[in-house]
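The values are calculated or read from the model by the stated rules, or taken from the named source; none is laboratory data. Treat the numbers as computed from the prediction; the structure is a model and nothing was measured. Backbone-built Cβ (ideal geometry, glycine too); neighbour counts: all protein chains shown.
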Amino acid sequence: MSAQESERAGETILDLEGVTKRFLGLVAVDNVSFEVKRGEVFALIGPNGAGKTTLFNCITGMFPPSEGRVSFDGRDITGYKPHRVAFLGIARTFQNIRVFDYMSALDNVRLGQHSRMHAQIWDAILKTPKARREEAEVTERAHELLRFVGIERYANSFARNLPYGAQRRLEIARALATTPRLLLLDEPAAGFNPQEKVELMKLVEKIRAQDVTVFLIEHDMRVVMGASSRIVVLDHGIKIAEGTPQEVRSDAKVIEAYLGKSA
Amino acid sequence: MSGLLAILWVIYLGAEDPAGLIATLVIGITDGAMFALVALGYTMVYGIIELINFAHGDVFTLGGFLGLPLLGLFGITSGTKFAWVYVPILVFVFVLVMGLNGLVNITIERVAYRPLRNAPRLAPLITAIGMSFILEGAMYLWRGPVSLRFPNLLPDTVASRFTSPAGHFGLNSGSTAAPLIDIGVKDVAVVISTVVLVILLSVFINRTKLGKAMRATAQDRDAAQLMGIDINRTISATFFIGAALAGAGGMIWALYFNSIRFDLGFTTGLIAFTAAVLGGIGNIEGAALGGLLIGIIRALNERYLSASWSDVVIFGILIMVLVFRPTGLLGMRVPEK
Amino acid sequence: MIATLRDPKRLRAKLRQWSRDPYMVVYGVLFVAAVIFPPLASFATGTSTLTGLAADAGVWVLLAIGLNVVVGFAGLLDLGYAAFFAIGAYTYALLASAQLRSSPLHQAVHLPFWVLLFLAMFVAASAGAILGAPTLRLRGDYLAIVTLGFGEIVPRVFRNDPGHWTGGINAIGGIDQPTIPVCLDGPWSQGDDFKLQFGAVNCSFSLSDPTAYYVLMVILIIACVILVTNLQISRLGRAWAAVREDEVAAAAMGVNTRNIKLLAFGIGAAFSGFGGAYYGAKLSLVSPDNFDFTVSITVLVMVVLGGMGNIPGVILGALAVYFLEFKFLTDLPRNAAALANQVGLQGLLAPNAATSWPGLEDFVGRLNFLVLGLILVLMMLLRPQGILPSRVRAQELKAEGAADDTVFDARAGQT
């Protein structure tokens, strides 16, 4: 699959057309359109309350957009349920970490592989050789993923007992376990110190190198500038800029949104 | 759509037999008033802490159970008939029962629900079911499995008698004399006392400081706390008022039907909860409207279909409303997810 | 598993591992107790009545294991569990008695017990699916009230008897009793008065000895425990745990939350239906009054007392509540009266109309509601993880900053 993915690099993987989300008269996302290309690290930035997470929720089916269209890999996925979106290959993390606190780190990652497993109820009840083999493979892969994000030593700890940074990494491992082609990261570096941020950006690059397109939300512009190839800037639900980090950095509207009118 | 059909059906019934329909509606409105009193407590508690207080139906029964010995203190026994001297006593006992009931409910909240306020959602729900069994069990232990006879303190006289507008549609031409429709003093008393209580409640909630605190807490507990509202006190007040109304409901029920049993609150509570859901849980006006509608539906069902099916019909409505319109008729909270 | 048993070295290692696992120890103790109970009981009392009671307790154990899948694993509060019990019982009663002769069908149906046991399971599970499909997307407390409503509707429908199928309040009697191979009676069996001859084959069946029911029940429970434990540690069990904790995150990870909840609901209903069929067969009588809310609550109390989500705990809880409800509290009035006689409080025995004292026996006989309620409330307040908690629940309910850092790998004892 990954060979195929890299061959098609540069094609559009996610396409948003006029996506709008209203909550009881409040417009959280207003007619936003952009494309994410296969194989890039794409960033969505904007001040607090700009509607970034709402946009993620519209993409991943947490709620349908009020208007507009979301296409993934050429397929219209507007209004799809979250589990279908995940099955099609979009995984995500959450801004306020949502690991399964009372499952082990290993089980968190094993759960991520749920939709890729084939054991049916009878296999599960009777523990057929097929189910055992599959469990063994899933466990092996879960260990690999924990190693990949660098928290393998916590494999058997309850997720709630992991340190903060490890929980963020666990969420990424769990998302990767769904074998996504597009990974949405919602402020993955929130609460990190500069050193940790650098490490996280290395991890993001490692993920991209595995032919997973990365689409991340970040609050901190400096973090994003180094890591991403293209950026969209959202302010009050409206797209105010799009382009390479250099283009965005020098955009007057972006500066205004971040520093206020006086600047 | 189904509402339209129901209304057409009622109009048809009215055309066929106006006297019967009006008599049925009177029963429905009277019962509905009592359901509304209980429904208010469910909706208020749900509005403020999002808990289905399963014990509320039994708090309603407790009202009647407390009222009987209190009336006994004034020498009123199950054989006593209506006399004007009893009216002030009755009012006094009502107030006393409402207060006692409120205190019981505050205690329940304090002991059983408050420690679990931040626990997983299932915990307070299971505790509420347990509380319901404890209350029922206590009343069972106290009075046993028999129906208690309640004094008939409301006059059995007819408040208003009028000739039915029969024959307007020319459908029941068989009967020569137009039948008389009686509305008893009892029915009028039940409806009036309910209306008075609901008005008092709405004045309290909309005009007083505590009422405002309750509305604020219901909308956003954290924000209310930040604004300096004492959350615990506000929640206690909600439980107190809910139980006071339910206690009044229990007294009214017992006075109207002259009998009360320890397990009355289980079914009645579920019917009242249906009323609260039908009106839109968390919504005070909705609970009153829902109670009235459920009372009328129940009375119509009992007269024109079959009494043994009315619980089935009402619990069916409960499931249907939750599935198809979880916000109820008037709406407020979205109970999904 | 079999390879392990053949190799003494591996077997010893396995046994050592089990002896350190409290769950396996509980299972071991329960199994030994189950084996020695019938001879011990018949030796002590001279009859097999106690064994029969224990077999009845087994039905409740099965019900509790089933409800535990719904409440403990998937975190769905099902308050209408008795409805599925009723559906199972009526499925058996209708298809294994003369009842349908007086129905619009005009034809009695007598299907064999073993077929009906599974049919009842299937019918109950289907009813669960029909109720669950539209309602499982509702929030937890709304689901609870919907199931409560359903639990009230079903017995009323059986009582009202639409179309004259169920016999209404007259109940269905004369239900076929199952035929169980006599070998299940075991060497301690007492009754062999109902033996039948099947043609040339000398094949004995016993219909009457409670010991046969008991042995059958123990076998069924062992099978269910193994199968449900498999389920718990499978991908489905993991998905249930995830949905219970955070439905949104589970859905985002590709779990079809509605289907996985429906599965738990259906499995719970199937257990209940199975129990219902067995119950109908054992009692040979099914009446609409046997399935009220108290039944649902009793099973819930068993699960809560034992520890939600934890199979050995739930078994202990079921046995404890069964003993409390059907032995201790049933015998209590008589025992209390005897005690009062002994300590010279005979005055309490007679009812007194003036103080509305119903007499000691009556009074004590009214305790069961209160006891059920107290168990629920006290357990939720003081020991919400149950008498034998699952490790996960113990963690969930422990205060912040718990020290226990390692999780027990449920697979360790199994593979």
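Worth a mention:
- Residues within region A:107-137 that are more than 7 Å from every other protein chain (Cβ to nearest Cβ), acidic (Asp, Glu) and within 27 Å of the chain's Cα centre (by Cα), tallied: 3
- Extreme residue, surrounded by the fewest Cβ atoms within 10 Å (Cβ to Cβ), among residues of region B:50-67 that are of a type in the set (A, V, I, L, M) and within 12 Å of chain C (Cβ to nearest Cβ): B:Leu51
- The C-beta contact set for region B:58-71 (first residue within 13 Å of B:Glu136 (Cα to Cα), second residue hydroxyl-bearing (Ser, Thr, Tyr) and surrounded by 24 or more Cβ atoms within 10 Å (Cβ to Cβ), distance under 7 angstrom, 6+ apart or interchain) comprises B:Asp58/B:Ser132.
- C:Arg366 fulfils the conditions (1) within 13 Å of chain B (Cβ to nearest Cβ); (2) among the basic types (Lys, Arg); (3) not in a loop (DSSP other than H, G, I, E, B) except for a single criterion, (3).
- Which listed residue, of A:Pro82, A:Pro64, is within 11 Å of chain C (Cβ to nearest Cβ) and either in contact with a Gly (Cβ under 7 Å, 6 or more places away or on another chain) or of a type outside the set (Phe, Trp, Tyr) (or both): A:Pro82
- Residues of region B:86-126 that turn out to be within 12 Å of chain C (Cβ to nearest Cβ) and of a type in the set (A, V, I, L, M, F, W, C), as a count: 9
- Matching residues in region B:221-252 - criterion: being surrounded by fewer than 18 Cβ atoms within 10 Å (Cβ to Cβ) and over 27 Å from the mean Cα position of the chain (by Cα): B:Asp222, B:Ala223, B:Gln225, B:Leu226, B:Met227, B:Gly228, B:Asp230
- For C:Gln107: the one exception among (1) over 30 Å from C:Ala250 (Cα atoms); (2) within 14 Å of another protein chain (Cβ to nearest Cβ): (2)
- Leading residue by the ranking (surrounded by the most Cβ atoms within 10 Å (Cβ to Cβ)) among those in region B:18-49 that are over 15 Å from B:Val195 (Cβ atoms) and hydroxyl-bearing (Ser, Thr, Tyr): B:Thr43
- Residue selected from region B:104-115 under the condition in contact (Cβ under 8 Å) with a residue 12 or more places away in the chain and over 14 Å from B:Thr238 (Cβ atoms), by the criterion farthest from the chain's Cα centre (by Cα): B:Ala112
- B:Ala224 vs. criteria part of a helix (DSSP H, G or I) and either within 21 Å of B:Arg114 (Cα to Cα) or in contact with a Leu (Cβ under 6 Å, 6 or more places away or on another chain) (or both): yes
- Residue match in region C:126-141 (condition: touching a helix residue (DSSP H, G or I) at 6+ places or on another chain (Cβ under 9 Å), polar (S, T, N, Q), over 16 Å from C:Asp292 (Cβ atoms) and facing chain B (nearest Cβ under 10 Å)): yes
- Index of the failed condition, B:Phe273 passing every other in (1) of a type outside the set (A, V, I, L, M); (2) more than 8 Å from chain C (Cβ to nearest Cβ); (3) on the phi < 0 side of the Ramachandran plot; (4) in contact with a Phe, Trp or Tyr (Cβ under 6 Å, 6 or more places away or on another chain): (2)
- Any helices (runs of 4 or more DSSP H) falling wholly within region C:158-272 and containing at least 1 residues that are at pLDDT below 80 and either surrounded by 15 or more Cβ atoms within 10 Å (Cβ to Cβ) or within 14 Å of chain A (Cβ to nearest Cβ) (or both): C:210-232
- Of all residues making up region A:86-106, the number that are buried (at least 24 other Cβ atoms within 10 Å of the Cβ) and either under 18 Å from the mean Cα position of the chain (by Cα) or free of Cβ contacts under 8 Å to residues at least 12 places away in the same chain (or both): 7
- The residues of region A:97-106 that are more than 7 Å from every other protein chain (Cβ to nearest Cβ) and either of a type outside the set (A, V, I, L, M) or assigned to a helix (DSSP H, G or I) (or both), listed by number, are A:Ala105, A:Leu106.
- Search result, residues across region C:251-265 that are out of contact with any Lys or Arg (no Cβ under 9 Å at 6 or more places or on another chain) and under 13 Å from C:Phe73 (Cβ atoms): C:Ile260, C:Leu263, C:Ala264, C:Phe265
- Annotation note: of A:Val214, A:Val223, the sole residue that is in contact with a Lys or Arg (Cβ under 6 Å, 6 or more places away or on another chain), assigned by TED's automatic domain parsing to the domain that holds A:Leu185 and free of Cβ contacts under 8 Å to residues at least 60 places away in the same chain is A:Val223.
- Extreme residue, farthest from C:Phe369 (Cα to Cα), among residues of region B:266-315 that are at pLDDT 90 or above and among the charged types (D, E, K, R): B:Arg298
- Residues in region A:141-191 that are away from chain C (no Cβ under 13 Å), in a helix (DSSP H, G or I) and surrounded by fewer than 17 Cβ atoms within 10 Å (Cβ to Cβ): 4 in all.
- Among the residues here, B:Leu62 qualifies as assigned to a helix (DSSP H, G or I), on the phi < 0 side of the Ramachandran plot and in contact with a Leu (Cβ under 7 Å, 6 or more places away or on another chain).
- Exactly one residue among B:Ile76, B:Ile129 is farther than 25 Å from B:Arg149 by Cβ and either within 14 Å of another protein chain (Cβ to nearest Cβ) or over 19 Å from the mean Cα position of the chain (by Cα) (or both), and that residue is B:Ile129.
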